[in-house]
Amino acid sequence: MTDQLKKYLLEDRSVRVQAVRLADTWKAVQANHDYPPAITHLLGELVAASTLLAANIKFDGSLVLQIQGDGPIALLVVECRSDLSLRATVKIREGHVVPAEGDMQSLLNPGGNGRFIVVLDPQAKMPGQQAYQGIVPLEGDTVAEALQHYMKASEQLDTRLWLAADADHAAGMLIQRLPYHGGSDSPVLSEQAASETWDRASALAATLKRDELLATDIDTLIHRLFWEETLVAFDPETVRWHCPCTRERVANMLRSLGEPEVKDILAERGQVDVSCDFCGKPYAFDAVDCAALFSGNPPASDDTPPTVH
């Protein structure tokens, strides 16, 4: 099954509707990780949200959604590129247990220091260009509420999100009110008409339930919610897992640690073991590999090297 994101506009083009439902991609995110249910729900919702937002950005680069806080979960990160390839990871604070019944606020923001961060990172940066970073306090009880707060505070766009995840699927729907431009060539006759369209779309979408979002394919879901509306449909976009880690990135990371630290690890453990935070693949550098790191001769690669980033 191909995971897809589908886009629609209401007939007057004043409201955008998008929906995504992931199975294979979501299972790839979880591969090599044994996440407790609370993390599965939160990370899956953030994964679905990343695809919905990345699909609206007209640039060649990555959208990174990051939630960080002072609770048992230190960090949730999802990176979705403009081609809707994505990867994700979680950092659990050392010595903490993630309770099964925990929610976003109790797991990430018990001390009130949580932040929701959105990064737009162009692939081909101009000299001196930095990635855009928007940061807002972590507000709301769910990932959807936190994102809606960010969109309202940072983008000044009315946006509603419905997100859900379990071990098998990560799914989401977004509706967004588009800026009113008016003019004789606009299909929207007035700002009042645009407001009425938004109110109507919001009321229809508000009937969506979590279980329905997880269990229903996109075409059925959209028809069930908007069957009385005329929708303009766009070509579906494929969503997939992608982790760009390589053997050379492992080597570069170890070189950045410096030769003394690598030698200390080698002396203590006999080899240097690392694993990718995103895909979880293990990788080992033995004494010969470590010596080659700092001799100017890169370690020889094998056919299927484990990787780290």
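In the range 5-36, the qualifying residues are those that are charged (D, E, K, R) and assigned to a loop (DSSP other than H, G, I, E, B), and the one that is surrounded by the most Cβ atoms within 10 Å (Cβ to Cβ) is ASP12. Those helices (runs of 4 or more DSSP H) of the range 209-292 in which 1 or more residues are closer than 25 Å to HIS169 by Cα and not small (Gly, Ala, Ser) occupy 210-215, 218-226. Total residues in the range 67-81 satisfying the condition of being part of a loop (DSSP other than H, G, I, E, B) and in contact (Cβ under 8 Å) with a residue 40 or more places away in the chain: the figure is 3. ALA165 meets all of the listed conditions (1) at pLDDT below 95; (2) crowded, with 16+ Cβ neighbours inside 10 Å but one, namely (1).
Can you pull out the residues in the range 84-132 that are under 15 Å from the mean Cα position of the chain (by Cα) and of a type outside the set (A, V, I, L, M, F, W, C)?
Answer for the range 84-132, where residues must be under 15 Å from the mean Cα position of the chain (by Cα) and of a type outside the set (A, V, I, L, M, F, W, C): SER85, ARG87, THR89, LYS91, ASP121.
Here SER85 meets the list (1) in contact with a His (Cβ under 7 Å, 6 or more places away or on another chain); (2) without any contact (Cβ under 8 Å) to a residue 24 or more places away in the chain almost entirely, failing just condition (2).
Number of residues in the range 111-160 that are of a type in the set (Phe, Trp, Tyr), closer than 12 Å to ILE67 by Cβ and open to solvent by 20 Å² or more (accessible area, probe 1.4 Å) equals 0.
Please indicate, with yes or no, whether at least one residue in the range 185-199 is at pLDDT 90 or above, of a type in the set (S, T, N, Q) and crowded, with 16+ Cβ neighbours inside 10 Å. The answer is yes; a qualifying residue exists.
Taking the condition of being closer than 30 Å to ALA291 by Cβ, among the polar types (S, T, N, Q) and open to solvent by less than 30 Å² (accessible area, probe 1.4 Å), how many residues in the range 203-258 meet it?
Looking only at that region, the number is 0.
Looking across the range 249-269, the residues that are out of contact with any strand residue (DSSP E or B) (no Cβ under 8 Å at 6 or more places or on another chain) and without any contact (Cβ under 8 Å) to a residue 12 or more places away in the chain come down to ASN252, SER256, LEU257, GLY258, PRO260, GLU261, ASP264, ALA267, GLU268, ARG269. What do you reckon, is ALA74 open to solvent by less than 30 Å² (accessible area, probe 1.4 Å), at negative phi and not hydroxyl-bearing (Ser, Thr, Tyr)? Criteria met by ALA74.
Taking the range 92-105 as the range and being in contact (Cβ under 8 Å) with a residue 24 or more places away in the chain and either part of a loop (DSSP other than H, G, I, E, B) or out of contact with any helix residue (DSSP H, G or I) (no Cβ under 9 Å at 6 or more places or on another chain) (or both) as the test, the residues that pass are HIS96, VAL97, VAL98, PRO99, ALA100, GLU101, GLY102, ASP103, GLN105.
The values are calculated or read from the model by the stated rules, or taken from the named source; none is laboratory data. Just so it is clear, the structure is predicted and the values come from calculations on it, not from any experiment. Cβ sites come from the backbone with ideal geometry, for glycine too, and all protein chains shown count toward neighbours. Surface accessibility is based on the protein's heavy atoms, side chains included, excluding ligands, DNA and RNA. Shrake-Rupley method; radii C 1.70, N 1.55, O 1.52, S 1.80 Å.
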